[in-house]
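*Asks:* This structure is in structure tokens; I'll ask about it shortly.
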Amino acid sequence: MWRLLPIILLVSCAVNEHRDADSDGQDSNAYRIVRMLEVPLKPSSEQGSGYPPARVFQHRESSGRIEKDGVWTITGPVTHNRIRCATYETGIQFGKGNPACSHVKWLTGIEYGTRQTHCNSATLIHRGGGKFTDVEGVFGTLTCARAVTRCSGAC
């Protein structure tokens, strides 16, 4: 019996993987949101010292910034809690809302700037960025950021 255990587990994983792809009629590689963090933005402490105007956020180990020209960055850990691999992307969205960022009018869409594959219950640091177009006109009103992590595969 014990000699058959690895074979049984392997077959079980293959059957479950097949069911994941067919169970709801959707592709198993479709992304789903696994984490969303909404935090207030503050003016950058570097402002006025030769750096472009920017707004920043910091929440535990996650941080990000957006500059007046729309260039943005995000950094933070992403934890995968399974043995089988999955692909994670982190992105960001900006808006205008109250100081607690509970009632926000989102002024940008979500832009993703990182993409990494995680396996074996790994935690990896995601660092990336991009550029929003047409942000200059609303830059002065941005008060909130939404950091989004999405996953495809064995999430």
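The values are calculated or read from the model by the stated rules, or taken from the named source; none is laboratory data. Here the structure is a predicted model, which is why all the values come from computation and not from measurement. Keep in mind that these areas ignore ligands, DNA and RNA; they rest on the heavy atoms of the full protein, side chains included. Shrake-Rupley method; radii C 1.70, N 1.55, O 1.52, S 1.80 Å.
*Asks:* For the full complex of protein chains and a 1.4 angstrom probe, list 134, 69 by accessible area with the highest value first. Could you put the intermediate results ahead of the total?
*Replies:* Numbers: 134 145, 69 70 Å².
Greatest to least solvent exposure: 134, 69.
*Asks:* Over the Cα atoms of region 108-155, each weighted equally, I'd like the Debye log10 I(q)/I(0) at q = 0.17, 0.23 Å⁻¹, rounded to two decimals.
*Replies:* Summing over Cα pairs of region 108-155 leads to -0.67, -0.98.
*Asks:* Quick one: which residues, 5 or more positions from residue 80 or on another chain, have an amide H under 5 Å from its amide H? H modelled 1.01 Å from N in the peptide plane, none for Pro or chain starts.
*Replies:* Result for residue 80 returns 122, 123, 124.
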